[in-house]
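Here's the structure we're looking at; comments come further down.
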Amino acid sequence: MRPIYALALGLGLAGCATGPSLDTRLASYIGAPEATLVAQFGVPQRQIKVGDITYLAYTLRYDAQSMPMGPVWGGWGWGPGWGGYGGLPADVQIYSCEATFALQGGKVENYTLRGNDCR
């Protein structure tokens, strides 16, 4: 299993349990070398170097949920527009969290979290 999928699974399951927040867990990487991030999270999804700062971005959580909208005409309940249903599109909810680590001199200086599922 690729490390990033293992991380996503572990963090996803951690959402069901009580314990340190994602912010607290990631704070422990401040001062860590780049090799530690790659060993723990795998190859970053995005990477850029600006001046003497390197940014590594990892998608830690991503989930899309489709919720049917609109009433069903001539069917049983609610549906996404097939088999005589209302023909209305589904409402898609995207839940994600991206962590971007800023490295200077090969060590993590800080990080930022972006998304609506960074618990």
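The values are calculated or read from the model by the stated rules, or taken from the named source; none is laboratory data. Here the structure is a predicted model, which is why all the values come from computation and not from measurement. Cβ coordinates were reconstructed from backbone atoms using ideal geometry, including for glycine residues, and neighbour counts include every protein chain displayed. These accessible areas exclude ligands, DNA and RNA; they are computed on the full protein's heavy atoms, side chains included. Shrake-Rupley method; radii C 1.70, N 1.55, O 1.52, S 1.80 Å.
Filtering the range 18-49 to residues that are farther than 13 Å from Tyr111 by Cβ, open to solvent by 80 Å² or more (accessible area, probe 1.4 Å) and among the hydrophobic types (A, V, I, L, M, F, W, C) leaves Val43, Ile48. Can you name the residue in the range 60-90 that is open to solvent by 50 Å² or more (accessible area, probe 1.4 Å) and modelled with pLDDT of 75 or more and, of all such residues, is nearest to the chain's Cα centre (by Cα)? Among those that are open to solvent by 50 Å² or more (accessible area, probe 1.4 Å) and modelled with pLDDT of 75 or more, it is Tyr62.
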